[in-house]
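*Asks:* A single structure is presented below for examination.
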Amino acid sequence: MKVDKKCKGLVTKKFNEFYLVELYKTEISESKNKFLCKIRKSVNFRNQFVFVGDEVIINQIDLKSKTAIIESLVKRKNLLERPSVANISNIYVICSVEEPKLNLSQVNKFLISAEQMGVEVSLVLTKCDLITEQKRLFLIDKFKKWGYKPITLDLNNLDNFKIFLTQLKKKKCSIFMGPSGVGKTTLLNKIIPDLNNTTAPVSSKIKRGKNTTRNVELFSLSSKSYIVDSPGFNIQKLQIDIRELPNLYPEIHRQILNREINCKFRNCLHINDEGCNLNKNFERYTFYEEMIISSKNHHYLIQGD
């Protein structure tokens, strides 16, 4: 049965020339049905590609075969480059406190990389069962001074995980980022049951053999909440105008918002500049100073993986 109607949907997976589009609830769909789609060849998206997380308009909807055609692309809010995911609302930086041991310089780089996306950034500390309660409370206090209220997770406290999951279900589209070995995959497997088996049912429709290789994919957590499964997502390439760097540090940005900073020059970088009155008495100032000094002769920062 084909429906002669245009509907808005969300791209939850992309593989080769096919897209899995989840149709929002409408009069033709009481639940979140997914349709296997191709892009209409005559459509010109102004040299833009369609990515996971994009909202699209589909038509030629076949309710029996669950296929449709992507007609147009809805304007996106943002786009991650690696992995390519659109319309992220929240980034969770995942770091372990032990195995591997917490590296504050590394945590700083991940937080700055996340902050440049202009979305809500949260910090999650895993493997907290490997440290004392005193150390856990110490880390919570430390990162609060950085401008973050860290979520602490461990194998012995399921209550914290339940609180974390409840929080995730209130976010529109979340993604985890962090170094290898910190437990991102373990966490995703706990949040999304049977994660490794989710790709198999699609294979019959595209006439291919079963492929359970995990690519970038969106999974629904609630009626309006999704999480990105992004294997291997480490750190974004940092390419930032150094004049914007102060806004990526909550300790500095807070002073700007509260009008506590009234430097002599508008383009003050807060590094021994004449007339600078930034309160530099915060732990991460040394990281900020290093980033500015290392790039002082450039208009932007480039920090690889």
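*Asks:* Name the residues in the stretch 105-115 that are farther than 13 Å from residue 288 by Cβ and surrounded by fewer than 20 Cβ atoms within 10 Å (Cβ to Cβ), would you?
*Replies:* 106
*Asks:* Here's another thing I want to ask about it. Taking the stretch 138-160 as the search range and keeping residues that are part of a helix (DSSP H, G or I) and touching a strand residue (DSSP E or B) at 6+ places or on another chain (Cβ under 9 Å), which one is surrounded by the fewest Cβ atoms within 10 Å (Cβ to Cβ)?
*Replies:* Start the filter on the stretch 138-160 by keeping residues that are part of a helix (DSSP H, G or I), which leaves 138-146, 158-160.
Keeping just the survivors that are touching a strand residue (DSSP E or B) at 6+ places or on another chain (Cβ under 9 Å) gives 139-140, 143, 146, 160.
Working: 139: 19, 140: 17, 143: 20, 146: 20, 160: 14.
Filtering the stretch 138-160 for residues that are part of a helix (DSSP H, G or I) and touching a strand residue (DSSP E or B) at 6+ places or on another chain (Cβ under 9 Å), the one surrounded by the fewest Cβ atoms within 10 Å (Cβ to Cβ) comes out as 160.
*Asks:* So in the stretch 84-104, with the set limited to residues that are buried (at least 20 other Cβ atoms within 10 Å of the Cβ) and in contact with a helix residue (DSSP H, G or I) (Cβ under 7 Å, 6 or more places away or on another chain), which one is farthest from residue 188 (Cα to Cα)?
*Replies:* Residue satisfying both the conditions and the ranking: 97.
*Asks:* When the stretch 234-284 is examined, which residues are found to be part of a loop (DSSP other than H, G, I, E, B), polar (S, T, N, Q) and under 15 Å from residue 112 (Cβ atoms)?
*Replies:* First, the residues of the stretch 234-284 that are part of a loop (DSSP other than H, G, I, E, B): 234-237, 249, 258-284.
Applying the additional criterion that residues be polar (S, T, N, Q) yields 234, 236, 258, 262, 267, 272, 277, 279, 281.
Once the filter is applied, which keeps residues that are part of a loop (DSSP other than H, G, I, E, B), polar (S, T, N, Q) and under 15 Å from residue 112 (Cβ atoms), the stretch 234-284 yields 234, 236.
*Asks:* Residue 186 - would you say it is of a type in the set (S, T, N, Q), at pLDDT below 90, within 19 Å of the chain's Cα centre (by Cα) and in the same structural domain as residue 221 (by TED's automatic domain parsing)? Give the derivation first.
*Replies:* Values: of a type in the set (S, T, N, Q): yes; at pLDDT below 90: yes; within 19 Å of the chain's Cα centre (by Cα): yes; in the same structural domain as residue 221 (by TED's automatic domain parsing): yes.
Against the criterion (of a type in the set (S, T, N, Q), at pLDDT below 90, within 19 Å of the chain's Cα centre (by Cα) and in the same structural domain as residue 221 (by TED's automatic domain parsing)), residue 186 qualifies.
The values are calculated or read from the model by the stated rules, or taken from the named source; none is laboratory data. Note that this is a predicted model, so its numbers are computed, not measured. Heads up, the Cβs are rebuilt from the backbone with ideal geometry, glycines too, and the neighbour counts pull from every protein chain shown.
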